[in-house]
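Encoded as structure tokens, the structure appears first; notes follow it.
None of the figures in this text is laboratory data; all of them are computed from the coordinates on show. What you are looking at is a predicted structure, and each value in this text was computed from that prediction instead of being measured. In this analysis, Cβ positions are derived from the backbone assuming ideal geometry, glycine residues included, and neighbour counts consider all displayed protein chains.
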Ligand SMILES: Cc1cc2nc3c(=O)[nH]c(=O)nc-3n(C[C@H](O)[C@H](O)[C@H](O)COP(=O)(O)O)c2cc1C
């Protein structure tokens with residue numbers, strides 16, 4: 001696939017089909033992701049991929065924990081007030097856009113989130129608990145390369161904080177020590193083609209809203 005086609009094909013899928021992801025595909029996208037640049041080649045990222053019985057156990061816990069869980073994400077979510085006016089405007093636009101798009105089935109998004117978007121595999125992105133901001137940058141770049149490599153192989157994905165809302169359980173279920181934090185999960189699989197939510201596309205700003213080129 002041409003590079004730009006893979007970039008354009010990738011979008012967040014919120015309802016995956018039951019089709020499994022092959023181990024060969026998983027290893028191929030990890031081989032691409034590890035080519036990501038990092039601060040002084042520090043490569044502080046860690047990746048744990050859950051599928052099969054392991055992921056089913058996590059999914060059951062996620063479905064039953066719901067909103068009542070006392071567990072909180074290890075990387076604090078961005079609060080609207082700390083995003084500045086541009087971020088706030090874009091978040092509101094995205095939220096009203098997706099809510100309008102799903103107005104015929106308003107419960108679908110929450111239902112899909114509760115079941116981890118039905119992903120047959122989730123790649124958990126971890127970084128050392130004592131990390132500099134640059135390690136978060138490196139991890140984000142790693143995740144993007146992973147998703148683009150997935151798109152290149154015909155796989156769909158979604159990066160989601162939803163996957164790391166219950167880190168205590170994840171540490172136990174995936175046998176990860178306290179020296180690493182669960183930063184984000186990336187759901188991997190094949191989109192359910194007839195799911196309305198998968199037809200939604202998030203908009204982007206025009207270049208002149210964020211770009212300056214000075215000669
Ligand atoms: C760090 C991060 C966390 C995200 N968490 C969620 C999430 O919990 N639930 C969700 O539905 N989408 C989540 N997303 C997906 C974004 O909503 C999505 O990337 C954005 O709206 C742009 O849409 P696109 O990915 O389809 O291009 C997350 C994306 C990022 C980068």
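Hey, how much of the P(r) for segment 49-145 falls beyond 16 Å, as a percent of Cα pairs? The share of Cα pairs beyond 16 Å in segment 49-145 comes to 73 percent. Shape call for segment 169-215 from the C-alpha gyration tensor, a ≥ b ≥ c root eigenvalues: rounded (a/c under 1.5), prolate (a/b greater than b/c) or oblate? Since a/c reaches 1.5 but b/c is at least a/b, the shape of segment 169-215 is classed as oblate. With one equal scatterer per alpha carbon and no solvent term, the Debye-computed log10 I(q)/I(0) for segment 99-143 at 0.15, 0.16, 0.22, 0.32 1/Å reads -0.64, -0.68, -0.78, -1.08. If you run the Gaussian network model on the chain, springs between alpha carbon atoms under 10 Å, then out of 186, 98, 158 the most flexible one is 98.
Ranking of 72, 212 by neighbouring Cβ atoms within 10 Å, starting from the fewest: 212, 72.
Going from the fewest other Cβ atoms within 10 Å to the most, the residues 163, 117 appear in the order 163, 117. Here the Gaussian network model covers the chain, with springs between Cα atoms less than 10 Å apart; of 178, 25, 156, 178 fluctuates the most. Taken over segment 95-215, the percentage of Cα pairs per 10 Å bin, counting from 0 up to the bin with the maximum distance, is 11, 33, 35, 18, 4, 0.
Centre-to-centre separation between the Cα atoms of segment 137-214 and those of segment 61-114: 14 Å. Between 63, 162, 172, the GNM of the chain built on Cα springs shorter than 10 angstrom shows 172 fluctuating the most. Going from the residue with the fewest nearby Cβ atoms within 10 Å to the one with the most, 75, 91 rank 91, 75.
Where does the Debye-calculated log10 I(q)/I(0) of the chain sit at q = 0.07, 0.09, 0.14, 0.17 Å⁻¹, using only Cα point scatterers of equal weight, no solvent? Results for the chain at q = 0.07, 0.09, 0.14, 0.17 Å⁻¹ read -0.22, -0.37, -0.96, -1.45.
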